[in-house]
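Inspection log for the structure reproduced underneath, given as structure tokens.
The values are calculated or read from the model by the stated rules, or taken from the named source; none is laboratory data. Predicted model, so just to flag it, every value in this text is computed and none were measured. FYI the Cβ positions are ideal-geometry reconstructions off the backbone, even for glycines, and counts take in every protein chain you see.
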Amino acid sequence: MGETEGESYLLSDVKDAEPVGSPRVSSGDVRSNRPMVHFDKVQKSYDGETLVVKNFNLEIRKGEFLTMLGPSGSGKTTCLMMVAGFEPATHGEIYLDGQPINSVPPHKRGIGMVFQNYALFPHMTIAENLAFPLDVRGIGKAEAEKKVQRALDMVQMGDGSFHGRRPAQLSGGQQQRVALARALVFEPKLVLMDEPLGALDKQLREHMQLEIKHIHESLGVTVIYVTHDQGEALTMSDRIAVFNDGVVQQLAAPEVLYEKPENSFVAQFIGENNTLVGKVKAINEGIARVELTDGEIVEALAVNAGPGERTQLSIRPERVEIDPDESVSDHTVTARVEEVIYLGDHIRTRMTVAGNSDFVVKTRNRLGARRLDPGASVRVGWATEDCRALDHE
Amino acid sequence: MASTDGAIKEPILAADGTPLKQALRRSQARERRAAFLLVAPLLLFILIVFAVPIASMIWRSVYNPEVRNFLPQTAAALQEWDGEDVPPEPVFQAMAADMIVGVEKRTIGRAAARINREIPGARSRMMRTAREVDEWSAPYREKFLEADERWSDLDFWRLLKRETRLVTPAYYLLALDYEYTADGEIRPRPEVYRIYKALFWRTAWMSMLITGICILLAYPISYLMATQPARVANLLLILVLLPFWTSLLVRTSAWIVLLQQQGVINELLVALDIIDSRGRLRMIYNRTGTIIAMTHILLPFMVLPLYSVMKTIPPSYLRAAKSLGAHPFRAWWRVYFPLTIPGLAAGCILVFILAIGYYITPALVGGDSGIFISNLIAQNMQGSSAQLKLAAALATILLVAVLVVYWVFNKLVGVDKLKFG
């Protein structure tokens, strides 16, 4: 188990730990090439008829913050539960730091876990909750107290007023912090988080996202984080695995995922996305000529569509220009303005482009920004590399 | 909450100048009245059919009117007597006067019966003297002693003096296997008569045993129900509640069919050669029968509170404990079990209190060794007025025992924390 390794990260002062943004994989670790978690052809079925997780392969590096993102029922939580040991894999093997763990019971895995409902023990005080994992490991009282204090300090609840309280006497955000501290207090190498911020309001959630990110950075633990909130995933992660229908659609860093989606599910799921449907006429040096439903021809990066196939073009709303000059966009199409929504920092204009009436253009609300009137007819354009020809769902 | 600055000392006023608290009280009075009217019928019902009978039972268990009411002059005259010698003339004179009134009002027989209970033969002597006394004249003392020399028996007069009190602990002493001697001393009854104390203890330990077995049986099934999907849980719940849905007699005959010496279980054991035919087990009409049948009947009272508490414990608690490194048993003991205590305690108190006063099942399948104190209470209730009072005393002791159990539970767990369902 983790604490026997002598790398007591909670007993070094957290404030003096590695600065934010430093390399997360410590170079001195001789085993750093070995992945922390390795899913090897993992399959999972609950009923013997359908697969919830289909042939899942993933390597998670030491010190990495990996997010499993997907709609509910996509298999992401099941994968997390398989790592924790609460669900057995139907097929395949999971390796933890090189060791197969399929037959290791949950309590011997030494993995910290933060649950969706926090799962703080209601009959114990905050200090008792935090001391629980230390107590079951037979750690002496004095040392345990020190570690509990460190862990509470880390989540900014160490001022002593919380130790004796019961979980029910804390706010949601405070309970969340305690749950985080409890999952970290026994210094696991790997921490799993199952939608830990789901019950918090938006403002607190955004605050906690950064706080968790900073704790991760200063401790260097490996984190597997499950969420269905794409904004949360983009904010916090080193890499994101986008799940749908039991399959990882794309595994990439946040910026790659957003800017270079590989299929239309990812393009739709991450961020806002405009879709134009058409047919690939020809592909030339990676550029596809696509005939839209209204007969207009546009060019796009051929990512996931072959000649003659139907395709969905994906264009991010902020990459579309209204009345562009030739230097910015390779190509323009006609659009009719349907609705203008004023949002303060930016303006959203909903248009009909090539039969799609949900085509949204985001423009910064800068000085002299042009306001269009509904019903007006304009030209819109974009750079070819911002328009990706993806599979047709 | 206290005011933050401490400056506000005057009461806060409502808009019309009355203190806010008073205005609030007035505005809520209507609701309070309505609430009271809603429960009033039930309150009245409980008062008439529950509170009053219990109070009357408790009163009856100590009420001792015979000597005082039916021999009033004698009772008064005896107060002067020191109990050392045959009473003086005034006592006999008073007795004669009481007897004349008593014969007229036909109450003398009841007083005589009361004395006869402790001094056998006293009744016939009193009745005979009472028939003759109206022809006598003073001095009565000689006449009494002439008619029957047993009138000089000091025990008789001491008993009479003792029984002039309107309230007596005699029935409670009897219920705890003690008795009064004629001169008012308390001593244990002869060994052959001592049955009640042993029966109280038996009732208590068998109820505890039944409660314990119920815990052992109910805890796993409740856990299973709480963790299964609703469909399975409902089916299990129906199975658990089955004893409630079958008639008592059907249930009892089922137990007889199963447990008797020629019954299903014994035949099976014999057929399997586990026991030989002469060694058939006695499992009914004794303690075993009472324990088996009562456990079956009382099990739902343990399962329901446990189930309702367990259903509210999210499975993530156990998972969290395990993920923090606790062995499954330790996780259960440190995290799950403490959270089930409110249900467990509620189940225990329900089962134990129901068991301690159970009547019908021990009567049907208990035989001699499996009966409870309630069975003796019932038996005494069908007897004479004295037995009725003994029954009242026994029942009051049982009631007090239940209250004590409740009080202890309240101290240990806190009744406000219990969850009955």
### Message
If a residue must be buried (at least 17 other Cβ atoms within 10 Å of the Cβ) and over 30 Å from B:ILE377 (Cα atoms), how many such residues does region B:74-111 contain?
### Response
17
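Okay, residues lined up against (1) more than 28 Å from A:ARG348 (Cβ to Cβ); (2) touching a helix residue (DSSP H, G or I) at 6+ places or on another chain (Cβ under 8 Å); (3) hydrophobic (A, V, I, L, M, F, W, C):
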site	(1), (2), (3)
A:LEU251	yes, no, yes
A:LYS260	no, no, no
A:GLY271	no, yes, no
A:THR275	no, yes, no
A:THR293	no, no, no
A:GLU299	no, yes, no
A:ALA302	yes, no, yes
### Residue, farthest from the chain's Cα centre (by Cα), within region A:119-160, restricted to residues that are part of a loop (DSSP other than H, G, I, E, B) and more than 14 Å from chain B (Cβ to nearest Cβ)
A:GLY140
#### Entry: Among (1) in a helix (DSSP H, G or I); (2) at the interface with chain A (Cβ under 10 Å from one of its Cβ atoms), the one test that B:THR340 misses
(2)
### Summary
Taking region B:194-214 and keeping only residues that are surrounded by 16 or more Cβ atoms within 10 Å (Cβ to Cβ) and either closer than 14 Å to B:VAL309 by Cα or among the β-branched types (Val, Ile, Thr) (or both), one is left with B:THR203, B:ILE210, B:THR211, B:ILE213
### Message
Here is a check on your reading of the model: is B:SER369 outside any helix (DSSP H, G or I) and polar (S, T, N, Q)?
### Response
yes
### Query
Of the residues B:MET57, B:MET99, which single one is modelled with pLDDT of 90 or more and within 29 Å of the chain's Cα centre (by Cα)?
B:MET57
### A:LYS54 assigned to a loop (DSSP other than H, G, I, E, B), closer than 26 Å to A:ARG239 by Cβ and away from every other protein chain (no Cβ under 14 Å)
no
### Query
In the set A:LEU51, A:LEU80, A:LEU69, which member is surrounded by 17 or more Cβ atoms within 10 Å (Cβ to Cβ), over 21 Å from A:VAL114 (Cα atoms) and modelled with pLDDT of 90 or more?
A:LEU51
### Query
Counting just the residues of region B:316-337 that are of a type in the set (Ser, Thr, Tyr) and within 9 Å of chain A (Cβ to nearest Cβ), which one comes out surrounded by the most Cβ atoms within 10 Å (Cβ to Cβ)?
B:SER323
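State whether one or more residues within region A:231-242 are away from chain B (no Cβ under 14 Å), within 21 Å of A:ASP153 (Cα to Cα) and crowded, with 24+ Cβ neighbours inside 10 Å. Give the steps one after another, and end with the answer.
Quick first cut of region A:231-242, residues away from chain B (no Cβ under 14 Å) only: A:231-242.
Checking the rest, the ones that are also within 21 Å of A:ASP153 (Cα to Cα) come to none.
No, region A:231-242 contains no residue that is away from chain B (no Cβ under 14 Å), within 21 Å of A:ASP153 (Cα to Cα) and crowded, with 24+ Cβ neighbours inside 10 Å.
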### Query
So which of A:ARG316, A:ARG364, A:ARG371, A:ARG336 ends up being surrounded by fewer than 18 Cβ atoms within 10 Å (Cβ to Cβ) and modelled with pLDDT of 90 or more?
A:ARG336
### Task
Could you grab me the full set of residues in region A:67-104 that are in contact (Cβ under 8 Å) with a residue 24 or more places away in the chain and part of a strand (DSSP E or B)?
A:THR67, A:MET68, A:LEU69, A:HIS91, A:GLY92, A:GLU93, A:ILE94, A:TYR95, A:LEU96
### Task
Tell me, yes or no, whether region B:179-192 has at least one residue that is surrounded by fewer than 18 Cβ atoms within 10 Å (Cβ to Cβ) and at positive phi.
yes
